[in-house]
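Okay, so here's the structure we're looking at.
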């Protein structure tokens, strides 16, 4: 197939999933075209069969806000026509599904059908979409899509409940490449850990875009309590609006020398297996991709029991779950787990097993391919 993919190319779950999906589809022999305002940050090193098309946006003085959604629709239609795309797959409903709808209508004027698939990722439904300014158009974009997927049962149910949509939404969960996200050999792991920690110290990690919903400050609070009992270091990976607050708290707690603010990292698969524990104290997660990536690397997660996380993490088996804001309980669980090598090893192995059995790319990508086939068949545009 020839597939156009549009996503937010920045450091966030929807962009990560869309980029990894494109990489995996290209590896399976499909022709993939990313259409967005900048190159997705994870497009590094595995790009055979992938093209990138930048969306230029006019800075005409009349526009107080550049009309990216209209520029995107135009570029979608141009790329689809020139490269004879079979379908578009847009990630995050607003504004991408609306831009795809406009592109489809533009090409219909030329007697060409261009189906589009929308994947719902979370905040496009739970935060942005529920804003009364966007709710009607978000519902419209979902209803007009030729196919809709959601990354968890939780998100599908929330979408149906909040938006009263009548169309079918198929759940295709997030995935991880189990050959890329994998534990390291003891020698390589110890060499990597030496960059951040002394021998005998534990390494905890938090990875996010540092938006308030990710509660990165809670990760620092948890770590401050852990380090009172166990020699440890914290790797904070990512950047965003709450980073300065996390830095301030680290200084106030007097633990800034034990925390490494690493900023945005393209190859988190090299960092995750160095850690002993993932901290994911989010206020809401529709799936919990970073926990899955950590699990594939044999790194258990201390996470919150919200959204779609319980679909991924079974408390006490492949991770631990706590109420939002329960930093004391999270810290105690972290100390208990890091102090018991046998329990930690069992939980780490269970996490890797969960990733391999249920969420490896080799299991999930065929679900997307089959979904595309059904969409194309319904649209009367089957691919030979």
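Within the range 1-41, the residues that satisfy the criterion of being crowded, with 20+ Cβ neighbours inside 10 Å, out of contact with any strand residue (DSSP E or B) (no Cβ under 8 Å at 6 or more places or on another chain) and outside any helix (DSSP H, G or I) are 11, 12.
Given the criterion modelled with pLDDT of 95 or more, in contact with a helix residue (DSSP H, G or I) (Cβ under 8 Å, 6 or more places away or on another chain) and not in a loop (DSSP other than H, G, I, E, B), identify the matching residue among 184, 236. Spell out how you get there, then give the answer.
On the way: 184 fails: not in a loop (DSSP other than H, G, I, E, B).
Unique residue meeting the criteria: 236.
Could you say whether any residue in the range 197-211 is within 20 Å of the chain's Cα centre (by Cα), modelled with pLDDT under 95, part of a loop (DSSP other than H, G, I, E, B) and not assigned by TED's automatic domain parsing to the domain that holds residue 287? No, every residue in the range 197-211 fails to be within 20 Å of the chain's Cα centre (by Cα), modelled with pLDDT under 95, part of a loop (DSSP other than H, G, I, E, B) and not assigned by TED's automatic domain parsing to the domain that holds residue 287.
Every residue, every condition in (1) outside the structural domain of residue 122 (by TED's automatic domain parsing); (2) buried (at least 18 other Cβ atoms within 10 Å of the Cβ); (3) not in a loop (DSSP other than H, G, I, E, B), yes or no:
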site: 324; (1), (2), (3): yes, no, no
site: 328; (1), (2), (3): yes, no, yes
site: 334; (1), (2), (3): yes, yes, yes
site: 342; (1), (2), (3): yes, no, yes
site: 346; (1), (2), (3): yes, no, yes
site: 351; (1), (2), (3): yes, yes, yes
site: 365; (1), (2), (3): no, yes, yes
site: 369; (1), (2), (3): no, no, yes
site: 373; (1), (2), (3): no, no, yes
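Filter the range 109-137 down to residues that are in a loop (DSSP other than H, G, I, E, B) and modelled with pLDDT under 75 and give me whichever is surrounded by the fewest Cβ atoms within 10 Å (Cβ to Cβ).
131
For the range 240-268, filtered to residues that are buried (at least 19 other Cβ atoms within 10 Å of the Cβ) and within 21 Å of the chain's Cα centre (by Cα), the residue that is modelled with the lowest pLDDT is 268. The listed residues are 80, 71, and the only one of them that is buried (at least 16 other Cβ atoms within 10 Å of the Cβ), in contact with a helix residue (DSSP H, G or I) (Cβ under 8 Å, 6 or more places away or on another chain) and either assigned by TED's automatic domain parsing to the domain that holds residue 21 or at positive phi (or both) turns out to be 80. Within the range 293-308, the only residue that satisfies the criterion of being surrounded by fewer than 24 Cβ atoms within 10 Å (Cβ to Cβ) and in contact with a helix residue (DSSP H, G or I) (Cβ under 7 Å, 6 or more places away or on another chain) is 307.
If you go through the range 251-280 and keep only what is assigned to a helix (DSSP H, G or I) and either without any contact (Cβ under 8 Å) to a residue 40 or more places away in the chain or at positive phi (or both), you end up with 251, 252, 253, 256, 257, 258.
The values are calculated or read from the model by the stated rules, or taken from the named source; none is laboratory data. This is a predicted model, so every value here is computed, not measured. Quick reminder, even Gly has a Cβ in these numbers, built from the backbone with ideal geometry, and neighbours come from all protein chains shown.
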